[in-house]
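Colleague: Supplied in structure tokens, the structure appears directly below.
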Amino acid sequence: MIEIYAVKTKDGIKYNKLNDFISYLSIKKQKRISTYCNYRENNRVIIADLLVRLIICNKLKLKNKELDINTSPYGKPYLKNSESLHYNVSHSGEWVVCAFDSLPIGIDIELIRPIKQYEIVKRFFTSEEYKGLLNREEKDRLSYFYELWTLKESYVKAVGKGLSLKLNSFSINNSPEDYLKISGTDYEELYLKQYNIDSKYKLAVCASTLDFPKNVIIKELDDLFEGISQY
Ligand SMILES: CC(C)(COP(=O)(O)OP(=O)(O)OC[C@H]1O[C@@H](n2cnc3c(N)ncnc32)[C@H](O)[C@@H]1OP(=O)(O)O)[C@@H](O)C(=O)NCCC(=O)NCCS
């Protein structure tokens, strides 16, 4: 069964606690974080890593130090300790989300920000999708844009190829069921679903099965800190 988790970062990690929590991450990630100057982005990356670590430690009954997380040539993180536990993370604005399954999975969350000119996003869509976007009433267009965007990103993240897979090379299709499908690619056996955890955001998950949960599990930031310190 797919599991989806979300944490609201709120004020983030208190400055005097930052180093404590960074120490739970891999040396590689610690180095990466030290090169960022955006404090909020840093917080999201740290919280995402702590969330994933806590869930994996719980599931596999491993100590945090025992986790062996590697990245694919396209940058997708994966767990070397188990071939049957796949995950993916995403963060935007105040939210960090992650999804777990026994098969490859992708997740994407985006804060809805205004778009002045739709022309500049044309290249991300097939001509059908772009036409569909422009045909929406103006009041619904922004919401629809972010739906398509997160769906497409969750897909490229599930496949693991990131943006080396052209976003206008495949389309998102409606389905009579409670999920969406993809067409125009070699990876059509993947399913998509959207979740609403916050009206200011769009969230989409792309998975290899239809075993989607009804709800996202919301974790409290303090419980996350408390939890990881046990491992
Ligand atoms: C992987 C990618 C698709 C994720 O982008 P993003 O939306 O900026 O970031 P998200 O917060 O959703 O995801 C980041 C996480 O994806 C994961 N990730 C990185 N490369 C990945 C890959 N190839 N496949 C799957 N997941 C990947 C990492 O865990 C990363 O987390 P971290 O930064 O905490 O280590 C990235 O390549 C990218 O550049 N995206 C922007 C694309 C764009 O312009 N889209 C417009 C669409 S309309």
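Colleague: Filter region 83-99 for residues that are outside any loop (DSSP other than H, G, I, E, B) and more than 9 Å from the ligand (Cβ to nearest atom) and give the result.
Modeller: Answer for region 83-99, where residues must be outside any loop (DSSP other than H, G, I, E, B) and more than 9 Å from the ligand (Cβ to nearest atom): His86, Trp95, Ala99.
Colleague: When residues of region 35-72 are filtered for being away from the ligand (no atom under 14 Å from the Cβ), of a type outside the set (A, V, I, L, M), on the phi < 0 side of the Ramachandran plot and open to solvent by 20 Å² or more (accessible area, probe 1.4 Å), how many remain?
Modeller: Residues meeting the conditions: 8.
Colleague: Next question. Anything in region 190-231 that is within 15 Å of the chain's Cα centre (by Cα), within 16 Å of Ala158 (Cβ to Cβ) and open to solvent by 40 Å² or more (accessible area, probe 1.4 Å)? List them, or say none.
Modeller: Listed by number, the list holds a single entry, Gln194.
Colleague: Is it the case, given these coordinates, that Glu129 is of a type in the set (Asp, Glu) and in a loop (DSSP other than H, G, I, E, B)?
Modeller: Judged against the criteria, Glu129 is not a match.
Colleague: Now a separate question. Six or more apart or on different chains, Cβ under 7 Å: which pairs go from a residue in region 113-125 that's part of a loop (DSSP other than H, G, I, E, B) and within 10 Å of the ligand (Cβ to nearest atom) to one that's open to solvent by less than 100 Å² (accessible area, probe 1.4 Å) and not hydrophobic (A, V, I, L, M, F, W, C)? Could you list them?
Modeller: Listed by first residue and then by second, the contacts come to Phe125/Asn168.
Colleague: Within region 77-88, identify whether any single residue is touching a residue at least 40 places away in the same chain (Cβ under 8 Å), closer than 24 Å to Tyr24 by Cα and among the acidic types (Asp, Glu), and answer yes or no.
Modeller: No, because not a single residue in region 77-88 is touching a residue at least 40 places away in the same chain (Cβ under 8 Å), closer than 24 Å to Tyr24 by Cα and among the acidic types (Asp, Glu).
Colleague: Restricting to region 100-109, count the residues that are more than 10 Å from the ligand (Cβ to nearest atom) and touching a Phe, Trp or Tyr at 6+ places or on another chain (Cβ under 6 Å).
Modeller: So the count comes out to 1.
Colleague: Of a type outside the set (A, V, I, L, M) and more than 20 Å from the chain's Cα centre (by Cα): is that true of Asp49 in this structure?
Modeller: So Asp49 fails the test.
Colleague: Kindly check whether there is at least one residue in region 10-32 that is open to solvent by 90 Å² or more (accessible area, probe 1.4 Å), within 14 Å of the ligand (Cβ to nearest atom) and touching a Lys or Arg at 6+ places or on another chain (Cβ under 9 Å).
Modeller: No, region 10-32 has no match at all.
Colleague: In region 151-163, which residue that is small (Gly, Ala, Ser) and either within 6 Å of the ligand (Cβ to nearest atom) or closer than 15 Å to Phe125 by Cα (or both) is modelled with the lowest pLDDT?
Modeller: Gly162
The values are calculated or read from the model by the stated rules, or taken from the named source; none is laboratory data. Computed from a prediction, not measured in an experiment: that's the story for all the values here. All Cβ positions, glycine included, derive from the backbone under ideal geometry; neighbour counts span all protein chains shown. We work out accessible area using only protein heavy atoms, side chains counted, and drop any ligands, DNA or RNA first. Shrake-Rupley method; radii C 1.70, N 1.55, O 1.52, S 1.80 Å.
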